[in-house]
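Have a look at the structure below, then the notes.
The values are calculated or read from the model by the stated rules, or taken from the named source; none is laboratory data. Values in this document were obtained by computation on a predicted structure and should not be read as measured data. Here Cβ is always computed from backbone atoms with ideal geometry, including for glycine, and neighbour counts include all displayed protein chains.
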Amino acid sequence: MVKLLLAALLLCPAQEPESAATSPLAGAALPAGAYRLRDKDQIEKSSVILKAVAKDVPVAKVEVLLWAGDYSGDKGAALRADLGKALEKESYAWKDAKAEEKFDGNDVYLSSATKADRRLVGVWLSSKDGALFVWGEVAAAEPTFGNVVYSVPKGWKLASAAADGVTFVPVDPLPEEKLFLLLLAGRDYGGSLARDAGTLWTEVCTEMGVTGAPWSSEKSDARRSFKGWDYIRYGTTVKKGDADLYLAVTFIHVGGRLERVAAVSNLVSPPHRETPTNNPRYSPTLQGFPFTLKFKNHPEPELKTPLLTGDGIVGLWVGISLRVSGTGRATWDGSYAAFYSNGLALFSSRLPTNSFQPMNPYHQAEESPRWWGTWTFADGRGVLKMPYGEIPLEAKAADLVLTTMKTPHTYQRIAPVDGARLDGTWTMSANPGDKIPKITFREDGTFSDDGALKVLEHHLYRLYGIAAKPGDGTYEVKNFTMLFHYADGREFSAACLDLQKGNPQPASFNLGVNQDPLKRQ
């Protein structure tokens, strides 16, 4: 086991482990020869070992350390003792004991380091091939509100917690923004969300002293979430006296309880009347927050991390399919099929917003359920199950055939281009007389944008364009996505599917959800 782990984690150059003299997790020196894992996917896979041994202990900020060489028997004990001494110098109390579990006949040791109100726990695997230490900080107990177990979203802060509700606000809102994320009081409930949604909405409006009713387009259908509970969403502009506000409510039926999550905001940027809930800094949190909640009366499911790397057909594919629109018109459309390692699948002629790296596939599947399904595949054949029907799958050499509307369509795999670099300036089309949008990439991982990213954003809102103004920063390509990290703190991402490693100066390539073309200057 240890030998295989070391081969996969330490000896694989693609993972790029770094030599480590100290531990950022503990702020202590490490025994000589330590390497630290940096790849997030490999860290997450390694954390499974910690969860298996340190059962029922919630751990965060996981760090994975490796040592190559013979660390069997007394040598492994000496390594653990050396780390213990280093931690004791930093005022930690160190404990080390053999666990009941074994891996491939090798002993497993469980260690802990504690000081003040902080506790670290870790698991050691060691043999003649090397030593692996996976450890992390024991997470503080999550706060509760009645039946709801919650955590404060990243980029938000707790404004108040009272008997009738919990309120969160953004850490750094724009001066004109007023935005609140609320947990409202729940109650026992034995009804039907589909039947009672109108009444439940009226109750919330009465509690908040507002009036207004959503149009049919502002209501979702009642559905079952990937966590196993039912929900429905309403959201619209409401009146409070002479003021206009925006209110969105998620009603959750879990067990015999009704729980409610609301977002309320002012309207800004007159005369456009935009709502801060559309700000891309907030919208992913507002949409995904209900699915981060846990409930005392509902077991939390074990969810596998969805990855686009793996065996078989796992990955991203592109092809052309025959589709029928809502008006009954049949068209040939380019489309994408993404098969995730956990069995989720995306099948659509359009790419979702924030494809692919920033996107949480579980949450996105709730937002666009018609685009998402599940898949199975074995011995060259399989089935893609979508909300509207089943699509047969068949491997044909290096291609994948999807049969829709009784017509086979060939899809080709898109090769990952993680770590790709560019060198040069690329432009986008512009109307006659307009400034030509362009962006410059450098092989050192920096970029200078002069309007190209604004075009890629295709934003509908005047106030909330992330790339509305030019800027400089760094870029990286990961998980079929180009990530832009502006020097001023802005973050932007664009789907990136057709770059080629080793070719930093392509004549053209495409970016974004619309796969807009950029041409080399």
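The listed residues are GLY419, GLY382, and the only one of them that is outside any strand (DSSP E or B) and over 27 Å from ASN279 (Cβ atoms) turns out to be GLY419.
Is one or more of the residues making up segment 59-75 among the acidic types (Asp, Glu) and either at pLDDT below 90 or outside the structural domain of VAL123 (by TED's automatic domain parsing) (or both)? So that I can check it myself, show each step before the final result.
Going through segment 59-75, the residues among the acidic types (Asp, Glu) turn out to be 63, 70, 74.
Adding the requirement that they be either at pLDDT below 90 or outside the structural domain of VAL123 (by TED's automatic domain parsing) (or both) leaves none.
No, every residue in segment 59-75 fails to be among the acidic types (Asp, Glu) and either at pLDDT below 90 or outside the structural domain of VAL123 (by TED's automatic domain parsing) (or both).
Okay, residues lined up against (1) in contact with a Gly (Cβ under 6 Å, 6 or more places away or on another chain); (2) part of a loop (DSSP other than H, G, I, E, B); (3) farther than 25 Å from VAL210 by Cβ:
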| residue | (1), (2), (3) |
| --- | --- |
| ALA263 | no, no, no |
| PRO271 | no, yes, no |
| THR277 | no, no, no |
| GLY288 | no, no, no |
| GLU300 | no, yes, yes |
| LEU307 | no, yes, yes |
| ILE313 | no, yes, yes |
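In the set (1) touching a residue at least 24 places away in the same chain (Cβ under 8 Å); (2) under 20 Å from LYS294 (Cβ atoms), PHE168 fails one condition alone, (1). Assess whether PRO214 counts as being under 19 Å from GLN364 (Cα atoms) and not polar (S, T, N, Q). When the stated conditions are applied, PRO214 does not pass them. Scanning segment 487-516 for residues that are in contact with a Phe, Trp or Tyr (Cβ under 7 Å, 6 or more places away or on another chain) and farther than 15 Å from ASN354 by Cα gives ASP498, LEU499. Yes or no: segment 173-181 includes at least one residue that is under 16 Å from PRO153 (Cβ atoms), in contact with a Ser or Thr (Cβ under 6 Å, 6 or more places away or on another chain) and in contact (Cβ under 8 Å) with a residue 60 or more places away in the chain. Looking through segment 173-181, at least one residue is under 16 Å from PRO153 (Cβ atoms), in contact with a Ser or Thr (Cβ under 6 Å, 6 or more places away or on another chain) and in contact (Cβ under 8 Å) with a residue 60 or more places away in the chain. Output the number of the condition that ALA140 fails; it satisfies all remaining conditions of (1) under 30 Å from ALA99 (Cβ atoms); (2) assigned to a strand (DSSP E or B). Going through the list (1) under 30 Å from ALA99 (Cβ atoms); (2) assigned to a strand (DSSP E or B), ALA140 breaks only (2).
List, please: which pairs have Cβ atoms under 6 Å, are six or more places apart or on different chains, and start with a residue in segment 80-93 that is under 17 Å from ASP70 (Cβ atoms) and end with one that is part of a helix (DSSP H, G or I) and of a type in the set (Val, Ile, Thr)? Close Cβ pairs (under 6 Å, with a partner that is part of a helix (DSSP H, G or I) and of a type in the set (Val, Ile, Thr)) do not exist here.
The set of residues from segment 239-264 being surrounded by 20 or more Cβ atoms within 10 Å (Cβ to Cβ), closer than 19 Å to SER283 by Cα and over 25 Å from the mean Cα position of the chain (by Cα) comprises TYR246, LEU247. Hey, among the residues in segment 402-411 that are on the phi < 0 side of the Ramachandran plot and in contact with a Leu (Cβ under 7 Å, 6 or more places away or on another chain), which one's surrounded by the most Cβ atoms within 10 Å (Cβ to Cβ)? So, considering only residues that are on the phi < 0 side of the Ramachandran plot and in contact with a Leu (Cβ under 7 Å, 6 or more places away or on another chain), the one surrounded by the most Cβ atoms within 10 Å (Cβ to Cβ) is TYR411.
Taking PHE492, is it under 17 Å from LEU316 (Cβ atoms), out of contact with any Pro (no Cβ under 7 Å at 6 or more places or on another chain) and buried (at least 16 other Cβ atoms within 10 Å of the Cβ)?
Working: under 17 Å from LEU316 (Cβ atoms): no; out of contact with any Pro (no Cβ under 7 Å at 6 or more places or on another chain): yes; buried (at least 16 other Cβ atoms within 10 Å of the Cβ): yes.
No, not satisfied.
Of the candidates LYS478, LYS501, the single residue that is farther than 17 Å from ASP423 by Cα, of a type in the set (D, E, K, R) and out of contact with any helix residue (DSSP H, G or I) (no Cβ under 8 Å at 6 or more places or on another chain) is LYS478.
Yes/no per residue for (1) surrounded by 15 or more Cβ atoms within 10 Å (Cβ to Cβ); (2) over 15 Å from THR22 (Cα atoms):
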site	(1), (2)
GLU63	yes, no
TYR71	yes, yes
GLY76	yes, yes
ALA81	no, yes
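Somewhere in segment 44-57, is a residue among the polar types (S, T, N, Q) and part of a helix (DSSP H, G or I)?
As a first pass, look at segment 44-57 and keep what is among the polar types (S, T, N, Q): 46-47.
After this cut, where a residue has to be part of a helix (DSSP H, G or I) as well, the list is 46-47.
Taking every residue of segment 44-57 in turn, at least one turns out to be among the polar types (S, T, N, Q) and part of a helix (DSSP H, G or I).
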